[in-house]
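Notes to accompany the following structure.
The values are calculated or read from the model by the stated rules, or taken from the named source; none is laboratory data. Not measured: the values here are computed from a predicted model. Neighbour counts are summed over all protein chains in view; Cβ atoms, including those assigned to glycine, are modelled from backbone coordinates with ideal geometry. All accessible areas refer to the heavy atoms of the entire protein, side chains included, with ligands and DNA or RNA removed. Shrake-Rupley method; radii C 1.70, N 1.55, O 1.52, S 1.80 Å.
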Amino acid sequence: MQTLSEKNKAVVKRFNEEFLVKGNLQAFEEIVAPDFVNHTAPEGSKDRNATRDFILKLLHPAMPDLQLEIFDMIAEDDKVVTHKAFTGTFSAPFMGQAPTGRKATLRIIDIIRLKDEQYVAHWSIREMITA
């Protein structure tokens, strides 16, 4: 039988692979709770719809050949911390930077709080590295 930490890590892994990389909206709808709050986002864009749009309308155009590498995933109780990197061709403006047409890496440390196998809160530190 899976522990709560193992279940939560599996949910986070699915979110990263299915929604963040592939843009699977069904996965997003199943995983992100209606009352989700992105504490890292600017005021006025902390809800689930703004988070969905950030990924689909900003991240995916910026790196249309997006690839993911998860370095570490640590879970305790209702939280999962993920240290990861997205890489891809920097093709559209993102995070205040102009596209270069070259490979770029977005390094991220995420903290996700889950309840009933759904995302309810998010915090992150992001760093864009362009080549």
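Summing +1 for each Lys or Arg and -1 for each Asp or Glu among the other residues whose beta-carbon sits under 12 angstrom from that of residue 124 gives +1. Put simply, the Cα atoms of region 48-103 extend 40, 26, 18 Å along their principal axes, the longest span coming first.
Loop-only GluC sites (Glu not before Pro) in region 28-97, please: DSSP not H, G, I, E or B, and at most 12 other Cβ atoms within 10 Å.
Details: sites: 29, 30, 43, 69, 76; in loops: 43.
Of the GluC sites (Glu not before Pro), the ones in loops of region 28-97 whose Cβ has at most 12 other Cβ atoms within 10 Å are 43.
When the Cα convex hull of region 84-131 is projected onto planes of every orientation, the mean area is 3.9 nm². Highest mobility in the GNM of the chain, judged by mean-square fluctuation with C-alpha springs under 10 Å and restricted to 95, 73, 63, is found for 95. The alpha carbon convex hull volume per residue for region 1-86 rounds to 110 Å³.
Accessible surface calculations at 1.4 Å, restricted to protein heavy atoms, place the chain at 55 Å² per residue. Relative to the longest principal Cα axis of the chain, at what angle does helix 4-14 sit, 0 to 90 degrees, rounded to 10? Long axis of 4-14 versus the principal axis of the chain: about 30 degrees.
Restricting to region 3-131, compute how many DSSP beta bridges are antiparallel as a %, nearest 5. Intermediate results must be reported in sequence, preceding the final value.
Values: 33 of 36 bridges.
The answer is about 90 percent antiparallel.
With all protein chains in place and a 1.4 Å probe, the accessible surface of the chain carries 52 percent carbon and sulfur. Charges were assigned to the Cβ only: +1 to each Lys and Arg, -1 to each Asp and Glu. The resulting dipole of region 19-73 about its Cα centre is roughly 160 debye.
Measuring between alpha carbons in the structure, the pairs from 13/46; 46/84; 84/115; 79/103; 57/79; 46/103 lying more than 25 angstrom apart are 79/103; 57/79; 46/103.
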